[in-house]
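Right, one structure below, let's go through it.
The values are calculated or read from the model by the stated rules, or taken from the named source; none is laboratory data. All values reported here derive from a predicted model rather than from experimental measurement. Cβ coordinates were reconstructed from backbone atoms using ideal geometry, including for glycine residues, and neighbour counts include every protein chain displayed.
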Amino acid sequence: MITLPVIDWTIVAQLLVVFGGATVLLLLDLAIPAGRKQVTAYLALLVVLGAAAVGVMHAGVSGATFGGTLRLDPFRTAVGLVCLAAAALSILLAVTFLGRHQIERGEFAVLVLFGVGGMLLLVQAADLVVMFLSLALLSITLYVLAGFALPEPRSEEAALKYLLTGAFATGFLVFGIALIYGATGSTTLATIAAAGPGLTGEYRLYAAAGLLLLVVGLGYKASLVPFHMWTPDVYDGAPTPVAAFMSVASKAAVLAALTHVLLVGFGELRALWAPILAVVAAATLLVGNIGALVQQNVKRMLAYSSIGQAGFLLFGPIAASDRGIDALVFYLAGYTAANLAAFAVLIALEARGETEWSMARLSGLWQRSPGLTLALALALLSLAGVPPTAGFIAKFAMLDAVWQAGYPALVVLGVVTSAIAAAYYLRVLLRAAGPAETDAPPMFGDWPLRLGMALAALAIVVLGLAPGWLLSFS
Amino acid sequence: MSDLRWVIWLIPTLPLLGAVATLLLARGERAAGMIATAAAGLSFVATLVAVWVLQTMPAEAARIESVAWTWIDVASFRVSFGLLFDRLTAVMALLITGVGSLIHVYSLGYMRGDSRPERFFAYLNLFVAAMLLLVMADNLVLLFLGWEGVGLCSFLLIGHYFDRRSVPPGIVPAEAATKAFVVNRIGDAAFLLAIMLIFSRLGSVSFLPNATLGTPGYLERAAELAFVDVQLGPLGSIGVLTAIGLLMLIGVCGKSAQLPLSTWLPDAMAGPTPVSALIHAATMVTAGVYLIVRNHGVFSAAPTAASWVVGVGAVTALLAALSAATQFDLKRVLAYSTISQLGYMVAAVGMGAYAAGMFHLLTHGLFKALLFLAAGALIHALHDVQDMRRMGGLRQHLPFTFRVYLVGALALAGIFPLAGFWSKDEIIAHAWFTAQNPAIALILIASAAVTAFYMGRQVALIFYGQPREAHAAAHDPHGSMRWPLVVLAVGAAIGGVLNLPGVHWLSSWLEPTLAEPEAVYSVGKAVMAVIVTAIAVGGGYLGWWLYARVVDGNIVPGKTDPALYYLGDIWRGAELGWGLDWLYDRAIVRPYRQCSAFLGRVVDGEALDGLLVGGTGRTFVALARGVRAVQSGHARRGLAVFLLGVVVLLAALLAMTMR
C-alpha cells in the first residue's frame, strides 16, 4: 500500500495557475487566427496577473510540501513576484514589437508562461533535483525565445550559443548534484544541511566540489564571470523584449536558488565558499563594468551592465544575513524595473530589420521625445545608483550588508565600479541630450509599450523615494 | 492701541510684495514704477502708523515685538523670525521708507527710457524690504539676513548697466558690482564670527529676551562678560567683548565703507544715480552705524573696541574728505563725501554719542540724498556728463538745480542754520567736552573745514566761472524729478529742528532705548559752534574763491587740477584714494589671480584633470579594450574561458581545503 504524500495546495497554487494557464493557452491558441495573436499575449498577461494575485494572497505563508522539495516563504514569494512582474512587463513590451517585426506567433506568450513557471519552480525548489528540472525548463524556453526572430540569423546564432553554453553548464550542474549526493546521501537542502557537520576528509571535499560545480551551473545563468561570455552575444542577437525578459527574470530566479543552496544547504561550508564567491563577485563587477565602457552597441552595453549588476546581486548571499536577503530582494526589484525601462526605450525605437543597435540612434532623443528620454534617464540613473532612484537605495543596502558581513574590500570595489558604470550610463544620456547625428529613427508609442514603460519608471521612482515598504533599515 | 501692532509686519512685507509683483506682473516702465512706488509709499504710511502706535505706549515699554515663527531650532540655538520695532528702529524705518519713497518717485522720471525698468524697480523695492528687515530684526541672525539682502541688492543695482563696458569716470559696472560684493564679504565674514562669538559666549542672538522662544537677550548679559577673555592660543588672549566689538567693527567697515574697506564705495557710483542716493548715501551704508547703536551695550562695556571705532571713524572722516576735495567726477566727490560723513557717524557712536550719531545719520540721509538727486538732475540736463571740468557757469541755465544743490552743499558744509550744522556740531562738541578727546575733535574740525572746502569747490566748478562747454539745451528737471528735490531741500534746510539744543526731540525720543545721558548745553559749546562754523565758512569760501575766481581759467577737461600745484604729492595721493586700490591690487588681487591661474592650469588642468581623471579614464578604456579582445564572439572561446574558470575555482577550493 503506497501512502500518497499530503499536498499543501497553497504552496503550489501559483505554479498550478501558471502551468495550468500555459497548457490551456497552448490549446486555446490553436483557435486564435494568425494576425490576432495579440489576444494570446493578453490572455497570458491575465494568467501572470492571476499568479501574482495568488502570490500576494499568500504573502505571509511559510511551509513545505511534496516531501520538502517545494517550499514557500516570504523571500520566495517576493522573488517570485519579481519574476512575475518581469514577465508581465515583458509581455506588455513585446505585444506590438512582435507584430512590427513580423514574428507574431502564439507560442511567444506561452513560452514566456512556461519560462516564468520554471522560474517560480526554481525559486520554490528546496531540492537539487527539482532545481535541475526547473532550470532545464526555464532554459529550454529561453533558448527558443532567444531564437524567436527566426529566420533572422543573429537571433538563431544567439539561440545556438545560449544552448551550447547551457548544455555545457548543465553538465557541471548534474556532476555537482551527483557529488553532493555521494557525499551527503541526499538531494534535499534540509537533509544536506543536517549532514553538513558530520562531513570530514574527502567527503567534505566532495561536497565542497559539488557545491562549486552547482554554483557554476546556476551562476552562468546569472552571467557571473568567468561564465559570462555568452551574455553580450545572446542579448545582442535575441529579440529585444526577450533580452529584457531574460536579463531580469532568470537572474532573479537563479539568485534565489543560489541563495538557498548556499545559505540553507551549505551554510556549514561558508568559510569555504564565501571567499571564492567574493572573488567571483569582484571579477564580475570589474569585467562587466569595464567591458561596458567601450561598447558602441547599446544592447551589448546593457548586456555588460547586467553582468556588472550580477556582481552586486551576489553580495546578497555573500553577506549571508537577513540584511543581505532584504537587500537582495530590493536590488532585484529595482534592477528589474530599471533594466526593463531601459529596454523599453530601445523597443520603442526599434524598427524591423535593425541589426546593430548603435548608440548614435539615441542622439537627439530629448528633442524628439522628452518622455522617452525621461524614462531612459530614470532607468540609467537607477542602474548607476544615483538618488533618488531605486538603484541608489538598492546599492546602498547591498553595500551596507556586505560591510556588516565584514567585506570592506567588496564595498570599495562596489563603489569604484559604480563610478565606472556611471561613465557609460551617462554617456548614453549625454547622447540623448545632445544634437541628433543620424537620420531620426522611427518611434513607436503604442499603449501597451507605454504602459509597461510607465509602470517600470514609476517603480524606479516609488522604490527610490519610499523604499520603506520593501526594505527596513534596522 | 495694541490691536494695531500687526502693522509692523506690513512695513517690510509691502516692498517685498512690490518687488515680486514688479518682477512677475509689471510689463513696461510705467507699470513697474507705479507698483514699486506705491509699495514704498504704503510702507511709509505703515511706518507712520507704527510710530503712532509706539507713541501711545508708555516710554519705558515703547516697543512692539512680534514673532512670526521659530526660524531655527537646534538644541539651544533658537532663532525667531520676529520683528522688533522700538524707537531706534522707528527712526531708521522712517528714514528708509520716507527717503526711499521720494527716491522711488524721482526714479520714475530719472529712469525714463531705461532698457530694464522692471528689474530696476523690483531690485529697488527688494532693497527697501531687506533694509527694513535689517533694522527691524529682533535678533542678529535675522539682521544678518537683511544685511546680506541689502548687499545683494547693492550688487544687483551697481551692476544695473552691466552690459556697458564703461560708465563715467571709466568704471566697468560689472566689475564695480563684484568689487562691492567681495569687499563687503570680508566685512560680513568678520560680522558672522562676531555673531558666533556672541552666541557661544552669551548664549543667545536675540537683542532682548524673547518670551515666545524663551531665549534670553544677549545685550543685557553683555556687561557680565566685561572682564572675561577668549584664549587665542599662541596669540595671547583678548577680552570677549573686545573681540566681538572689533569683529563687528570690521563688518561695519565693509558695509559703511570705512577705512580700510572703503574702496568699493567710489566705484559703486557706476549704478544709476537714484541708487547712489538711496543705497550708497542715505540708507544701506548707514547700516554699520545702526549696528553699533543697536549693540551699544556691547561697545559701552568694551572700551578698547569702542576706541578703535572712534579712531577708524575719525581717520576715515579726514582722509575721505581730502579725497573728495580732489575729485573731478561729480558723483565721486559725493561718494568720498559720504565715506567721510559716515566716518563722523562712526566716530560719534564710538564715543558713545549715540543720539548725535543718529541725528547726523538722519540729516545726512536728507542732504546727501538731495545732493545725489540734484547731481542726477545735472547729469540728466547735461546728457550724461559727469566731469566737472566740462561744466561751469551753469547757474544761469539751471537756476532751480543750483538753488537746491546750494542748500544741500551748505547743509553738508555745516553752515548755520542748515541741518548739517546742528548734527555735525553736536558730534564735535561731544568729542571735545563729553569725551574730552581734543585730538579726535581737532581731526573732526579739520575734516569739517575740508568738507566745506570741497563743497565750495564743487559748487564753484559746476555753477560759477566760465562755461567750459556749451550746454544750451540744459534745463531744470520737472515733474516727478522736481518735487522730491523740493521736499528734500526743505528737509536739509530745517532738519536741525529734530534735535535743536534745548529742545532735543530726537535725544529724548531715543532716551528709553539708548539710556544715554542728556546732552548739557553750555556757553563753551556755543563758542565752539561759532568757531567751527567760522572755520567751515572760511573753508567753503576758500574752495569757492579758488575755483570760481583764481584757477577758473586754467581748468581744462582731461587735465589735472591746477590746485595740484600747491599741494603736490599729497593731492595726488588723495585723488587716488590714498593708494588703497593700488595696494589691494598688488597685494591681493594680482597674487590671487596668479595663484588661481596656476591652480587652474597646472594643478587642475594638468595634474587632476589630465593625469588623475584623464589617466583613470584612459586606463579603464584600455582595460575595456582587453575585455572586448577576449570576447571574440566564437562559441569555443566562450566555453574555453568557462572551463578555465571552473578549473581555477576548483584549484582554489582544493588549495583552501588542503590547508
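When you go through B:Gly170, B:Gly149 one by one, which is the residue that is free of Cβ contacts under 8 Å to residues at least 24 places away in the same chain and either on the phi > 0 side of the Ramachandran plot or surrounded by fewer than 16 Cβ atoms within 10 Å (Cβ to Cβ) (or both)?
B:Gly170
Yes/no per residue for (1) closer than 28 Å to B:Phe642 by Cα; (2) within 14 Å of another protein chain (Cβ to nearest Cβ); (3) without any contact (Cβ under 8 Å) to a residue 12 or more places away in the chain:
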| position | (1), (2), (3) |
| --- | --- |
| A:Leu89 | no, no, no |
| A:Leu93 | no, no, no |
| A:Thr96 | no, no, no |
| A:Leu122 | yes, no, no |
| A:Asp127 | yes, no, no |
| A:Leu135 | yes, no, no |
| A:Thr141 | yes, no, no |
| A:Leu150 | yes, no, no |
| A:Thr165 | yes, yes, no |
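Tell me yes or no: at least one residue of the range A:269-286 is away from chain B (no Cβ under 14 Å), of a type in the set (Gly, Ala, Ser) and surrounded by 23 or more Cβ atoms within 10 Å (Cβ to Cβ).
Narrowing the range A:269-286 to residues away from chain B (no Cβ under 14 Å): none.
No, that holds for no residue.
State whether one or more residues within the range A:366-384 are free of Cβ contacts under 8 Å to residues at least 24 places away in the same chain, outside any helix (DSSP H, G or I), more than 19 Å from A:Leu471 (Cβ to Cβ) and not hydrophobic (A, V, I, L, M, F, W, C).
No, the range A:366-384 contains no residue that is free of Cβ contacts under 8 Å to residues at least 24 places away in the same chain, outside any helix (DSSP H, G or I), more than 19 Å from A:Leu471 (Cβ to Cβ) and not hydrophobic (A, V, I, L, M, F, W, C).
For the range B:258-294, which residues satisfy the criterion of being under 18 Å from B:Gly350 (Cα atoms) and touching a Phe, Trp or Tyr at 6+ places or on another chain (Cβ under 7 Å)?
Of everything in the range B:258-294, those that are under 18 Å from B:Gly350 (Cα atoms) and touching a Phe, Trp or Tyr at 6+ places or on another chain (Cβ under 7 Å) turn out to be B:Ala287, B:Ile292, B:Val293, B:Arg294.
Got at least one residue in the range B:93-108 being surrounded by fewer than 21 Cβ atoms within 10 Å (Cβ to Cβ) and of a type in the set (Ser, Thr, Tyr)?
No, the range B:93-108 contains no residue that is surrounded by fewer than 21 Cβ atoms within 10 Å (Cβ to Cβ) and of a type in the set (Ser, Thr, Tyr).
Within the range B:504-516, identify whether any single residue is under 30 Å from B:Val51 (Cβ atoms), aromatic (Phe, Trp, Tyr), surrounded by 14 or more Cβ atoms within 10 Å (Cβ to Cβ) and modelled with pLDDT under 85, and answer yes or no.
yes
Only one of these is more than 21 Å from the chain's Cα centre (by Cα) and not aromatic (Phe, Trp, Tyr): A:Ala375, A:Ala360. Name it. Before the answer, list the steps.
On the way: A:Ala375 fails: more than 21 Å from the chain's Cα centre (by Cα).
The conditions single out A:Ala360.
Tell me, which helices (runs of 4 or more DSSP H) wholly within the range B:568-650 include 1 or more residues that are within 10 Å of another protein chain (Cβ to nearest Cβ) and over 55 Å from the mean Cα position of the chain (by Cα)?
So the answer is B:615-630.
Testing A:Leu285 on (1) within 14 Å of the chain's Cα centre (by Cα); (2) in a helix (DSSP H, G or I); (3) among the aliphatic types (A, V, I, L, M), one condition comes back false. Which one is that?
(1)
Quick one: A:Asp400 ticks every box in (1) acidic (Asp, Glu); (2) within 14 Å of chain B (Cβ to nearest Cβ); (3) not in a loop (DSSP other than H, G, I, E, B) bar one, so which box is it?
(2)
Being within 26 Å of A:Met359 (Cβ to Cβ) and in contact with a Gly (Cβ under 6 Å, 6 or more places away or on another chain): is that true of A:Pro435 here?
So A:Pro435 fits the description; yes.
In this structure, is B:Ala536 surrounded by 12 or more Cβ atoms within 10 Å (Cβ to Cβ), hydrophobic (A, V, I, L, M, F, W, C) and free of Cβ contacts under 8 Å to residues at least 60 places away in the same chain?
No, not satisfied.
Quick one: which of A:Ala409, A:Ala377, A:Ala419 is within 18 Å of A:Ser306 (Cα to Cα) and surrounded by fewer than 20 Cβ atoms within 10 Å (Cβ to Cβ)?
Of A:Ala409, A:Ala377, A:Ala419, the one residue that is within 18 Å of A:Ser306 (Cα to Cα) and surrounded by fewer than 20 Cβ atoms within 10 Å (Cβ to Cβ) is A:Ala419.
What single numbered condition from (1) surrounded by fewer than 16 Cβ atoms within 10 Å (Cβ to Cβ); (2) farther than 23 Å from A:Ala244 by Cβ; (3) among the aromatic types (Phe, Trp, Tyr) fails to hold for A:Phe66?
Among (1) surrounded by fewer than 16 Cβ atoms within 10 Å (Cβ to Cβ); (2) farther than 23 Å from A:Ala244 by Cβ; (3) among the aromatic types (Phe, Trp, Tyr), A:Phe66 violates only (1).
Restricting attention to helices (runs of 4 or more DSSP H) lying wholly within the range B:410-513, give those where 3 or more residues are among the hydroxyl-bearing types (Ser, Thr, Tyr) and under 18 Å from B:Val315 (Cα atoms).
Working: elements: B:419-429, B:438-463, B:483-494.
It comes to B:438-463.
Identify all residues within the range B:53-62 that are free of Cβ contacts under 8 Å to residues at least 12 places away in the same chain and part of a helix (DSSP H, G or I); write none if there are none.
B:Gln55, B:Ala61
A:Asn297 is checked against (1) buried (at least 22 other Cβ atoms within 10 Å of the Cβ); (2) closer than 16 Å to A:Tyr425 by Cβ and fails just one. What number does that condition carry?
Against the list (1) buried (at least 22 other Cβ atoms within 10 Å of the Cβ); (2) closer than 16 Å to A:Tyr425 by Cβ, A:Asn297 comes up short only on (1).
Can you tell me which of (1) within 18 Å of the chain's Cα centre (by Cα); (2) under 16 Å from B:Ile292 (Cα atoms); (3) surrounded by 23 or more Cβ atoms within 10 Å (Cβ to Cβ); (4) not aliphatic (A, V, I, L, M) is the one B:Tyr218 doesn't meet?
Of (1) within 18 Å of the chain's Cα centre (by Cα); (2) under 16 Å from B:Ile292 (Cα atoms); (3) surrounded by 23 or more Cβ atoms within 10 Å (Cβ to Cβ); (4) not aliphatic (A, V, I, L, M), only one is false for B:Tyr218: (1).
Any residue in the range B:176-189 that is over 18 Å from the mean Cα position of the chain (by Cα) and either in contact (Cβ under 8 Å) with a residue 40 or more places away in the chain or not in a helix (DSSP H, G or I) (or both)?
Checking the range B:176-189: not a single residue is over 18 Å from the mean Cα position of the chain (by Cα) and either in contact (Cβ under 8 Å) with a residue 40 or more places away in the chain or not in a helix (DSSP H, G or I) (or both).
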